[in-house]
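Bear in mind these aren't lab numbers, they're just calculated from the coordinates by the rules spelled out. Keep in mind the model is a prediction, meaning the values are calculated, not measured. Virtual Cβ from ideal backbone geometry, glycine too; neighbours counted across all protein chains shown.
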Amino acid sequence: MGMTIDTDIDLRHHGDLEASPGLLDFAVNVRRDQPPPWLRDVIEASLVDLARYPDDHAARMAVAARHGRSPDDVLLTAGAAEAFVLIARALRPRRAVVVHPQFTEPEAALRAAGHPVERVILTPETGFVLDPAQISPDADLVVIGNPTNPTSVLHPARTLDALVRSGRTLVVDEAFMDAVPSERGSWAGRPQPGVLVIRSLTKTWGLAGLRIGYLLGQPAVLDALRAAQPLWPVSTPALAAAQACSAAAAVHIAEADAVALGADRDYLVAELARIGIGVAGRPQAPFVLAWVDSGERLRLGLRDRGIAVRRGDTFPGLSSDWLRIAVRSRESTDQLICAIRQDLAP
Ligand SMILES: Cc1ncc(COP(=O)(O)O)c(C=O)c1O
């Protein structure tokens, strides 16, 4: 079961702090250097409307249609990051449980709003896979990532099904779900009382600087979350991007990218294995979690060679021997492997 702890980890440390300009970046999880040209055109075309206050109607309709849900089930946010803050501010959990290792902002937001947080820490022995019995039956707020950052684990639908219960809010962070072919295991298209799904458009589309994401859930809960938002939280260009990224053509591109990503990930995993480095579980996200004896030394050595990988030790449950490595092109992976070889050479 969970444990409540005063955190000594910097929960606000993220990959962007490690990918200093000029480094070959395997630390940040954004998949593109820039949004694709068609999306830049959409964003640019929206700029003529900047004198008007944003109207989220069209974006909400488009997101709803993309997931086969009612527009009332959609709340647009300034990135998935805003969604965590809204949940923390609007809900009053008695017993909040965060399944770790995972992205630390949900816990940081809950703590900042004054809620005690229990951690359920998954371990490498089980491949960082959750057994629903690990969650206390009286947890009334449970936060889980699917697929999970940084472990790259995709929890099966039956695990999440087993976490739904009356009186509980289950928050499923699907920030990386659009990188999973067919979005296997996604809860986005399944309206269900008590389940809140968080999506991000910043990773797949290279929009981290634009800030755009959304929540899917029951209208009554979304109303409570909306009440915690400032007026006009999502800008007109971000709304234009949300609408465009929800169109069938964009979803089609994301699907093709997800399939290609799988091949690049297989290549990365195989190349790491060839130099004796294993990864956790069966990775399903745009990054892998690698275990390296003296990982800290390797991470700093790679920095000296111009390459950034994400340290693991700021995730609850991981030590500095864990490194999160983004899936990149084969050429970039070759550069990484070459640098690791040089660094590990006696
Ligand atoms: C698992 C996870 N959820 C949410 C976010 C936040 O995404 P956004 O850029 O949409 O705020 C991140 C960012 O790294 C993440 O890793």
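Taking the Cα centre of region 55-202 as origin, work out the dipole magnitude from +1 charges on Lys and Arg Cβ and -1 charges on Asp and Glu Cβ, in debye rounded to 20. If you can, show how the numbers build up before the last one.
Working: 15 positive and 17 negative charges, 58 e Å.
In total the dipole reaches around 280 debye.
In debye, nearest 20, what is the charge dipole magnitude of the chain about its Cα centre with +1 on Lys and Arg Cβ and -1 on Asp and Glu Cβ, if you could check? Don't skip to the end; give the middle numbers.
Numbers: 36 positive and 41 negative charges, 64 e Å.
Result for the chain is approximately 300 debye, rounded to the nearest 20.
Would you mind computing, in nm to one decimal, how far apart the modelled labels at L344 and Y53 are, each placed 7 Å from Cα along Cα→Cβ?
Simple spin-label model gives 5.8 nm for this pair.
Under 12 Å from the Cβ of W322, count the other residues' Cβ atoms, weight Lys and Arg +1, Asp and Glu -1, and hand me the total.
Computed value for this residue: 0.
Could you give me the radius of gyration and the Dmax of region 38-164, taking only the C-alpha atoms into account and expressing both in angstrom?
Cα only, region 38-164: 18.0, 55 Å (Rg, Dmax).
Calculate the spin-label point distance for L17 paired with Q192, positioning each point 7 Å from the Cα along the beta-carbon direction, and give it in nanometres.
It works out to 3.5 nm between the two label points.
Along the positive direction of the dipole of region 59-137 (beta-carbon charges: Lys, Arg +1; Asp, Glu -1; about the Cα centre), which of T77, T104, G127 reaches farthest?
So the residue furthest toward the plus end is T77.
Report the relative contact order of region 77-136, percent, no decimals, based on alpha-carbon pairs under 8 angstrom and at least 6 residues apart. Spell out each step's value before the answer.
Values: 57 pairs, mean separation 19.0, N = 60.
About 32 percent, as a whole number.
Counting only C-alpha contacts under 8 Å and six or more residues apart, can you give the relative contact order of the chain as a whole percent?
Working: 688 pairs, mean separation 86.4, N = 346.
With pairs under 8 Å counted, the relative contact order is 25 percent.
Could you check the simple spin-label distance between D293 and A227, using points 7 Å along Cα→Cβ, in nm with one decimal?
My value for the distance between the label points is 5.8 nm.
Could you give the length gained on full extension between R305 and V259, defined as 0.36 nm per residue of separation minus the Cα-Cα distance, in nm? Provide the component values of the computation, followed by the final result.
Values: separation 46, 0.36 × 46 = 16.56 nm, distance 3.07 nm.
So the extension gain works out to 13.5 nm.
Of all beta bridges DSSP finds with both residues in region 194-346, what is the antiparallel percent, to the nearest 5? Don't jump to the answer; show the numbers that get you there.
Working: 13 of 13 bridges.
The antiparallel fraction comes to roughly 100 percent.
Per the Kirkwood treatment, what hydrodynamic radius in Å, one decimal, follows for the chain from the mean inverse distance over all distinct Cα pairs?
Details: mean 1/r = 0.0486 Å⁻¹.
For the chain, the Kirkwood estimate is 20.6 Å.
Taking H placed 1.01 Å from N in the peptide plane, check which residues at least 5 places from T77 or on another chain put their amide H under 5 Å from its amide H.
Those qualifying (amide H under 5 Å, at least 5 residues apart or on another chain) are G213, Y214, L215.
For every helix of n ≥ 4 consecutive DSSP H residues, a contribution of -39,500 (n - 2.57) applies; sum these over the chain, divide by its total residues, and give [θ] at 222 nm rounded to the nearest 500 deg cm²/dmol. Write out the running numbers ahead of the final one.
On the way: 10 runs with 118 residues, N = 346.
After summing the helix terms and dividing by the residues of the chain, the value is -10500 deg cm²/dmol.
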